[in-house]
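Novice: Below are the structure tokens for one structure; questions will follow.
Just so it is clear, none of the values below were taken in a lab; they were calculated from the coordinates. Worth saying up front: this structure is predicted, and the values here are computed from it rather than measured. So basically every Cβ, Gly included, is an ideal-geometry build from the backbone, and we count neighbours across all protein chains shown.
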Amino acid sequence: MQETIIRADAAPRFGDDGVEITGYASPSRGSEKLSAWKVLLRPGADTPVHTLTEGEAFIALNGRGTFEFNGRVHEVGAGDAICVPAGIDFRLANNSADEPFEAICCMIAEGKGQIGDGEPFTPPWAM
């Protein structure tokens, strides 16, 4: 087995509507069991409410974000971390008017997301 280096300028990027995701570790990029990515939310941007088949961990790097879990709201800032259990509805938002929010996220490689009643899917940055 060989180590893999994913350079920031070569990492794949995904997103729209103020949500930018940079893919780092994943099975297609040398990580057999773990996927890791960076999420950037521009001011006013948010993710859809969704659930996961596996738990996900977030470590806030910059700015302030709001995590909504089953109707509960938690604010987090740089240096804070939060763990989302599988099967819980959640959403991440940046309510700031002027500062982006960034976090590193990770989940086991087999994890899938689901939006509403849609089919579970593997996020493209986690493949």
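Novice: Could you figure out which of (1) over 22 Å from G118 (Cβ atoms); (2) surrounded by 14 or more Cβ atoms within 10 Å (Cβ to Cβ) isn't true of A10?
Specialist: (2)
Novice: Oh, and also: If you take the residues in segment 32-58 that are assigned to a loop (DSSP other than H, G, I, E, B) and within 24 Å of G87 (Cβ to Cβ), which one is farthest from the chain's Cα centre (by Cα)?
Specialist: Restricting to residues being assigned to a loop (DSSP other than H, G, I, E, B) and within 24 Å of G87 (Cβ to Cβ), the top hit is K33.
Novice: For segment 59-102, how many residues meet the condition of being among the β-branched types (V, I, T) and outside any strand (DSSP E or B)?
Specialist: The total comes to 1.
Novice: Let me ask something additional. Would you be able to tell me the number of residues in segment 107-127 that are surrounded by fewer than 19 Cβ atoms within 10 Å (Cβ to Cβ) and assigned to a strand (DSSP E or B)?
Specialist: 3
Novice: Tell me, please, whether a residue that is part of a strand (DSSP E or B), of a type outside the set (S, T, N, Q) and surrounded by fewer than 19 Cβ atoms within 10 Å (Cβ to Cβ) can be found in segment 19-31.
Specialist: Yes, segment 19-31 contains a residue that is part of a strand (DSSP E or B), of a type outside the set (S, T, N, Q) and surrounded by fewer than 19 Cβ atoms within 10 Å (Cβ to Cβ).
Novice: Sticking with this structure for a sec: When segment 6-18 is examined, which residues are found to be out of contact with any helix residue (DSSP H, G or I) (no Cβ under 7 Å at 6 or more places or on another chain) and assigned to a loop (DSSP other than H, G, I, E, B)?
Specialist: R7, A8, D9, A10, A11, D17, G18
Novice: Given the residues V19, V73, which is the only one that is in contact with a strand residue (DSSP E or B) (Cβ under 7 Å, 6 or more places away or on another chain) and either without any contact (Cβ under 8 Å) to a residue 12 or more places away in the chain or of a type in the set (F, W, Y) (or both)?
Specialist: Every option except V73 fails the conditions.
Novice: Further question on the same structure: With respect to A97, determine if the residue is more than 17 Å from S35 (Cβ to Cβ), of a type in the set (A, V, I, L, M) and loosely packed, with under 14 Cβ neighbours inside 10 Å.
Specialist: So A97 passes the test.
Novice: Any idea which residue in segment 87-127 is nearest to the chain's Cα centre (by Cα), counting only those that are aliphatic (A, V, I, L, M) and farther than 19 Å from S26 by Cα?
Specialist: Of everything passing the filter in segment 87-127, L92 is nearest to the chain's Cα centre (by Cα).
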